[in-house]
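Enquirer: What follows is a structure written as structure tokens; I'll ask about it next.
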Amino acid sequence: MKVVNGKISALDIKETLRYLGYAGVKSADGIEGLISECESMILPSLSPKAVYSSFPLERGEGVNLDLGFAKVQSKSLARNLEGCDHIVLFAATVGAGVDRLIAKYNRLSPARAAVLQAMGAAAVEQWCDELNADIVSEYGPARPRFSCGYGDLPLKLQREIFPALQVTKNIGVTLTEGDFMMPSKSVTAIVGIKSKS
Amino acid sequence: MNFRTLLKNSIVILDGAMGTQLQKAGLPLGELPEEWNITRAQTIEGIHREYFAAGADVVYTNTFGANCLKFGGRTEEVVTAAVKCAKAAAAEFKNKFVALDVGPTGKLLKPLGDLSFEEAVKIFSRTITAGVKAGADLIAIETMNDVYELKAAVLAAKECGKGLPIIATCVFGEDMKMMTGASPEAAVALLEGLGVDALGLNCSLGPAQMLPAVKRFVACASVPVIVKPNAGLPEERGGETFYNVSSGQFAEDMRAILNLGARVLGGCCGTTPVYIAKLKGITEGVEPAPVTDKNLTCISSYTSAVYFGGAPVIIGERINPTGKKRLKQALKEGDMAYILNEAVTQAERGAHVLDVNVGLPEIDEAAVLENAVSEIQAVTDLPLQLDTSDPVAMERAMRRYNGKPLVNSVSGKKEVMDAVFPLVKKYGGAVIALTLDEGGIPDNAEGRIQIAKNILREAKKYGISQKDIIFDTLAMAVSADGGAAVAAIDSLRYIRHTMGVNTSLGVSNISFGLPNRDFINGTFFAMALGAGLSAAILNPSSQEMIKTYKSFCALSGYDAGCLNYIEYAQSVQSAIVAAQSATASVTAGEKGSLKYCVEKGLKAEAEAAAKELLKTQAPLDVINGQIIPALDVVGQAFEKKTLFLPQLLMSAEAASGAFEVIKSAFGGGGNSKKLKIVIATVKGDIHDIGKNIVKTLLENYGFRVYDMGRDVPARAIVDKAKEVGAQVVGLSALMTTTVASMRDTIALLKEECPECRTLVGGAVLNAEYAEMIGATKYAKDAMESVRYCEEVEKELFGD
């Protein structure tokens, strides 16, 4: 198990615009001021942290998978993990500061709330990309990361991911009754590491 | 010997990690460690024994996660078994203690998460009650990431701990903040206010990395400081997790921490009995650093502490309905947005603390104050001054407040002291004390000083030290009594300099009944600052006051290089220029028109334009002639996808700003439509940005919207719909799991309000799904919600 801290010094604004519904529009015409204001608010509030650990992967009958920390039935994950003999499980977050900012502007300015929400989502994805790249360089070529709720992989699996990585203790992320993560700009994912053979 | 004696006289050694030892003993992944208190009691007892033998004076029971969220009805059994294991080990030694370990709930508290403060207190209370009954010697709250949860745990320990010692430690990152943002000073302020026996940090970092934060703890804490670090950071090698600081290195690094003055030492994740034995070794023969009272007067928010006695503290006075028509209206209507804007504006203008007073005869003050405190804390991290004369409201607000509050106020009246001091003792807080008593306000300094002394004497009986008292020597109208200013200033000077107690004044009362009040206020403020005023309750938007404040700080050595003064003086210049150009742009034809400003989402300009228009036009003409047409242009562009959500919202905000101007000038709700809409995010769902967007737009279009917030039970929504006679109920759900709550809400509505239409939206819904759960209408975005409500308005009320 490894706990890491990161730093995000700039955001991919195109991603933010995509989350805001700017289909096919690449520039922030008319909202440049809003975007740069929100960016300058959000950057100091980001506190990227992650924890990850590798686990052996065993395949059972059909779509039965033993992930080392939990057993699960999932057709989509089984397909994703084809050609892999172990996995790296990670949990990542950009921290509670973003949620505080969103909560603040959710009360004061819906425009800023919407942009901050999109930026927070873009930020945690950016942090996951960075982490994923580190995992690949440490463990070797990997399949695209896969999270609970994708395809038929149940959200309930979060209940087993959290103790396996001691997510709350290590990076402060908690689960709500509905199995959503708080701070909300957090991600857990399974990265299948391709077999060497 | 009891634990408090040990703590007072010695360096205290705590144990090391439990989890690390359990894994070594073969605890399988996925099994709850606390189960072993019952199934492998010998193993648990053995681990405790090893720590005692290694030199620990105190072991923590194996109850880190032993709460009712994880163990339900078995909580008591698990906790009792855990205490029994530790006590059995302790019985073999002399002078060893068993601490009931209380870890975090694993949930985040509202407003960031979904656990309410009172639920958290209940969860902790249950574990603590069981542990105390089983015979624990003290309560150790640990690994807290969030000061709010920490407060809930300490309160539970005070309420159910039967007077046992309480020690508490928090998790700090290398940025020297807790996960939810608290600084070491804020954590210390909160914990000392609540009266814990020792406090400090644990987990997350190794001892060397903890050093800078430990320094800050030791500098401001007046009780022993605890340091319980990890054996460095976890790393993985060949599938095995290990921590990267050896036992020898750990002990060496802990020596530096000991030298800083920390007195209660142990280990967290990755440490073993070997680490603790070596730690014990470095303390042999070392005298503990003395614990000194730092004598700091301080309050805190959930992120930071504010100290009194250095640079004067500005307490923003604007959230107080006395003499403020618009605020009274907002309070009566439950319009929190107005209050939140006042909070943010005062913070921007340089207030360090915000006074919150919502006392109006026609409202439920306790409920409104409690809610206002949570809401204001969601938009600002300034500490709050809870201002009420109702002890019930004061208690609820102090309990709910996230941090150590300032309380306004107590006085020399026996009845008031009897009501307020027990609250200050229980919840922690600093309190403003007015120098008046049953005999009224003495007209001279001597009388006021005498009352101050009486108040200090009475506070002492409750164990409240003078550092938590701030005297307000009462600025009375100088127009009625020529000696008013002198009496206030003279008593202030004596209290501050001779008695050594901090002071505060509600400055502007002095000019009551006089013209151009700012003239008098500014000079009086300067006199008071010169006499030793520690804090002033004033309007931070008053240039006269801020001018005096900034100048005073520069002249008194509180502003190194006069940098703050220079920045302020220059900003005043540029503000004047900006105001002139804003006025110019308003008059500049088409570009300055209200319609243009709303279309382009220029809020400040829209407000200025609305003000200008209202000089010549009726409010309804301004709304129908300018605002609504602008919103329509933007709405249509959004529907055609030539313009996107942020621009739609910027326009909506500009329109809201213009509406606010109209409201302030003419009162009334500004609702041009008759339709009443109740709106909520359903039970179980805490996503409310989409719902808030819909609300803003509906209000822009003149609908009366009753916003019930998020995570709202079906019953509450239906009751509200009945109460206000709503024709439409808007429901939002963002998760597949909460669509069920939406369906239940719709079913209950159909049963009890069959006439009411339901409008639903949210990421997981579509038209078919909406039909399946019985909704009247699915709207794909905020504009479609507006269009639908317009249709219903037309159908029910005509054009």
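Enquirer: In the list A:Cys128, A:Cys148, which residue meets the criterion of being assigned to a loop (DSSP other than H, G, I, E, B), more than 10 Å from chain B (Cβ to nearest Cβ) and open to solvent by less than 60 Å² (accessible area, probe 1.4 Å)?
Expert: Working: A:Cys128 fails: assigned to a loop (DSSP other than H, G, I, E, B).
Result of the check over A:Cys128, A:Cys148: A:Cys148.
Enquirer: Looking at B:Val598, B:Val633, B:Val622, can you tell me which residue is open to solvent by 40 Å² or more (accessible area, probe 1.4 Å) and of a type in the set (Val, Ile, Thr)? I'd like the intermediate steps shown before the answer.
Expert: Numbers: B:Val598 fails: open to solvent by 40 Å² or more (accessible area, probe 1.4 Å); B:Val622 fails: open to solvent by 40 Å² or more (accessible area, probe 1.4 Å).
From the options B:Val598, B:Val633, B:Val622, the qualifying one is B:Val633.
Enquirer: Then there's this: I want to confirm something. Restricting to segment B:395-431 and keeping residues that are small (Gly, Ala, Ser) and in a loop (DSSP other than H, G, I, E, B), which single residue is nearest to B:Leu505 (Cα to Cα)?
Expert: B:Gly412
Enquirer: In segment B:48-68, which residue that is assigned to a helix (DSSP H, G or I) and open to solvent by 10 Å² or more (accessible area, probe 1.4 Å) is nearest to B:Thr143 (Cα to Cα)? If you could, list the steps in order and put the result at the bottom.
Expert: Pass one, segment B:48-68, residues assigned to a helix (DSSP H, G or I): B:48-54, B:68.
Add one more test, that the residue is open to solvent by 10 Å² or more (accessible area, probe 1.4 Å), and what stays is B:49-50, B:53-54, B:68.
Working: B:Arg49: 23, B:Glu50: 23, B:Ala53: 25, B:Ala54: 23, B:Cys68: 18 Å.
Checking each candidate, the answer is B:Cys68.
Enquirer: Find the residue count for segment B:423-449, including only residues that are surrounded by fewer than 24 Cβ atoms within 10 Å (Cβ to Cβ) and of a type in the set (S, T, N, Q).
Expert: 1
Enquirer: Here's another thing I want to ask about it. If you go through segment B:651-667 one residue at a time, how many are within 14 Å of chain A (Cβ to nearest Cβ) and among the polar types (S, T, N, Q)?
Expert: Residues that pass the stated criteria total 2.
Enquirer: For the subset of segment B:136-145 comprising residues that are in contact (Cβ under 8 Å) with a residue 60 or more places away in the chain and assigned to a loop (DSSP other than H, G, I, E, B), which member is surrounded by the fewest Cβ atoms within 10 Å (Cβ to Cβ)? Break it down into steps so the answer makes sense when it comes.
Expert: Filtering segment B:136-145 for residues in contact (Cβ under 8 Å) with a residue 60 or more places away in the chain gives B:136-138, B:140, B:142-143.
Then drop every residue that is not assigned to a loop (DSSP other than H, G, I, E, B), which leaves B:136-137.
Values: B:Ala136: 26, B:Asp137: 21.
Applying the filter and picking the extreme gives B:Asp137.
Enquirer: So, one more: Is it the case that segment A:61-79 has a residue that's open to solvent by 20 Å² or more (accessible area, probe 1.4 Å), over 27 Å from B:Ala347 (Cβ atoms) and of a type in the set (A, V, I, L, M)?
Expert: Among the residues of segment A:61-79, at least one is open to solvent by 20 Å² or more (accessible area, probe 1.4 Å), over 27 Å from B:Ala347 (Cβ atoms) and of a type in the set (A, V, I, L, M), which makes the answer yes.
Enquirer: Hey, could you check segment B:665-679 for residues that are touching a residue at least 60 places away in the same chain (Cβ under 8 Å) and either touching a helix residue (DSSP H, G or I) at 6+ places or on another chain (Cβ under 7 Å) or closer than 15 Å to B:Glu790 by Cα (or both) and say which is most open to solvent (accessible area, probe 1.4 Å)? Step through it out loud before you land on a result.
Expert: At the first step, the residues of segment B:665-679 found to be touching a residue at least 60 places away in the same chain (Cβ under 8 Å) are B:667, B:669, B:673-675, B:677.
When the remaining residues are screened for being either touching a helix residue (DSSP H, G or I) at 6+ places or on another chain (Cβ under 7 Å) or closer than 15 Å to B:Glu790 by Cα (or both), the result is B:667, B:673-675, B:677.
On the way: B:Gly667: 27, B:Lys673: 51, B:Lys674: 127, B:Leu675: 0, B:Ile677: 1 Å².
Checked segment B:665-679; the qualifying residue most open to solvent (accessible area, probe 1.4 Å) is B:Lys674.
Enquirer: Of all residues in segment A:7-33, count the ones that are more than 13 Å from every other protein chain (Cβ to nearest Cβ) and polar (S, T, N, Q).
Expert: So in segment A:7-33, the residues more than 13 Å from every other protein chain (Cβ to nearest Cβ) come out as A:8-12, A:14-15.
When the remaining residues are screened for being polar (S, T, N, Q), the result is A:9.
Final tally of qualifying residues: 1.
Enquirer: Further question on the same structure: Within segment B:681-690, restricting attention to residues that are over 10 Å from A:Pro110 (Cβ atoms) and facing chain A (nearest Cβ under 9 Å), which residue is least open to solvent (accessible area, probe 1.4 Å)? Walk me through how you get there before you give the answer.
Expert: Taking segment B:681-690 first, the residues over 10 Å from A:Pro110 (Cβ atoms) are B:681-688.
Remaining after also requiring facing chain A (nearest Cβ under 9 Å): B:684-688.
Values: B:Gly684: 41, B:Asp685: 0, B:Ile686: 24, B:His687: 61, B:Asp688: 24 Å².
Checking each candidate, the answer is B:Asp685.
Enquirer: Tell me, yes or no, whether segment B:780-796 has at least one residue that is assigned to a strand (DSSP E or B) and over 38 Å from the mean Cα position of the chain (by Cα).
Expert: No, that holds for no residue.
Enquirer: Which is crowded, with 20+ Cβ neighbours inside 10 Å and of a type in the set (S, T, N, Q), of B:Ser246, B:Ser300? It would help to see each step written out before you state the result.
Expert: Working: B:Ser246 fails: crowded, with 20+ Cβ neighbours inside 10 Å.
Only one candidate qualifies: B:Ser300.
Enquirer: Let me ask another. Just the residues that are crowded, with 17+ Cβ neighbours inside 10 Å and among the small types (Gly, Ala, Ser), please, taken from segment B:750-799.
Expert: B:Gly761, B:Gly762, B:Ala770, B:Ala775, B:Ala779, B:Ala782, B:Ser785
Enquirer: Can you give me the ranges of the helices (runs of 4 or more DSSP H) entirely in segment B:264-373 with at least 2 residues that are at pLDDT 95 or above? If you could, list the steps in order and put the result at the bottom.
Expert: Numbers: elements: B:273-283, B:325-333, B:336-348.
Fully inside segment B:264-373 and qualifying: B:273-283, B:336-348.
Enquirer: Turning to a different aspect of this structure: All but one of (1) within 13 Å of chain A (Cβ to nearest Cβ); (2) without any contact (Cβ under 8 Å) to a residue 60 or more places away in the chain; (3) surrounded by fewer than 23 Cβ atoms within 10 Å (Cβ to Cβ) hold for B:Arg715; state the number of the condition that does not hold.
Expert: Unmet for B:Arg715, out of (1) within 13 Å of chain A (Cβ to nearest Cβ); (2) without any contact (Cβ under 8 Å) to a residue 60 or more places away in the chain; (3) surrounded by fewer than 23 Cβ atoms within 10 Å (Cβ to Cβ): (1).
Enquirer: Look at B:Ala747 and say whether it is of a type outside the set (S, T, N, Q) and either more than 24 Å from A:Gly178 (Cα to Cα) or surrounded by 20 or more Cβ atoms within 10 Å (Cβ to Cβ) (or both). Can you show your working first?
Expert: Details: of a type outside the set (S, T, N, Q): yes; either more than 24 Å from A:Gly178 (Cα to Cα) or surrounded by 20 or more Cβ atoms within 10 Å (Cβ to Cβ) (or both): no.
The answer is no for B:Ala747.
Enquirer: Only one of B:Gly561, B:Gly522, B:Gly482 is free of Cβ contacts under 8 Å to residues at least 60 places away in the same chain and at positive phi. Can you tell me which? Give the steps one after another, and end with the answer.
Expert: Working: B:Gly522 fails: at positive phi; B:Gly482 fails: at positive phi.
One residue alone meets the criteria, B:Gly561.
Enquirer: Only one of B:Ala452, B:Ala475, B:Ala526 is within 29 Å of B:Ser222 (Cα to Cα), under 34 Å from the mean Cα position of the chain (by Cα) and surrounded by 14 or more Cβ atoms within 10 Å (Cβ to Cβ); which?
Expert: Working: B:Ala475 fails: within 29 Å of B:Ser222 (Cα to Cα); B:Ala526 fails: within 29 Å of B:Ser222 (Cα to Cα).
Result of the check over B:Ala452, B:Ala475, B:Ala526: B:Ala452.
Enquirer: Another one. Every residue in segment B:256-288 that is polar (S, T, N, Q) and under 18 Å from B:Val59 (Cβ atoms), please.
Expert: Step one: list which residues in segment B:256-288 are polar (S, T, N, Q), which gives B:259, B:271-272, B:283.
Those that are polar (S, T, N, Q) and under 18 Å from B:Val59 (Cβ atoms): B:Thr271, B:Thr272, B:Thr283.
Enquirer: May I pose another question? So, B:Ile693, is that one open to solvent by less than 20 Å² (accessible area, probe 1.4 Å) and either facing another protein chain (nearest Cβ under 10 Å) or not hydrophobic (A, V, I, L, M, F, W, C) (or both) or not?
Expert: Working: open to solvent by less than 20 Å² (accessible area, probe 1.4 Å): yes; either facing another protein chain (nearest Cβ under 10 Å) or not hydrophobic (A, V, I, L, M, F, W, C) (or both): yes.
Answer is yes for this residue.
Enquirer: Take A:Arg159 and tell me if it is part of a helix (DSSP H, G or I), over 13 Å from the mean Cα position of the chain (by Cα) and under 30 Å from B:Ala337 (Cα atoms). Quick ask: steps written out before the conclusion?
Expert: Values: part of a helix (DSSP H, G or I): yes; over 13 Å from the mean Cα position of the chain (by Cα): yes; under 30 Å from B:Ala337 (Cα atoms): no.
Against the criterion (part of a helix (DSSP H, G or I), over 13 Å from the mean Cα position of the chain (by Cα) and under 30 Å from B:Ala337 (Cα atoms)), A:Arg159 does not qualify.
The values are calculated or read from the model by the stated rules, or taken from the named source; none is laboratory data. Predicted model only: the values in this text are computed from it and were never measured. When we count neighbours, we look across all protein chains shown, and the Cβ atoms used for this are built from the backbone with ideal geometry, even at glycine. Surface areas here come from the heavy atoms of the whole protein model, side chains and all, with no ligands, DNA or RNA. Shrake-Rupley method; radii C 1.70, N 1.55, O 1.52, S 1.80 Å.
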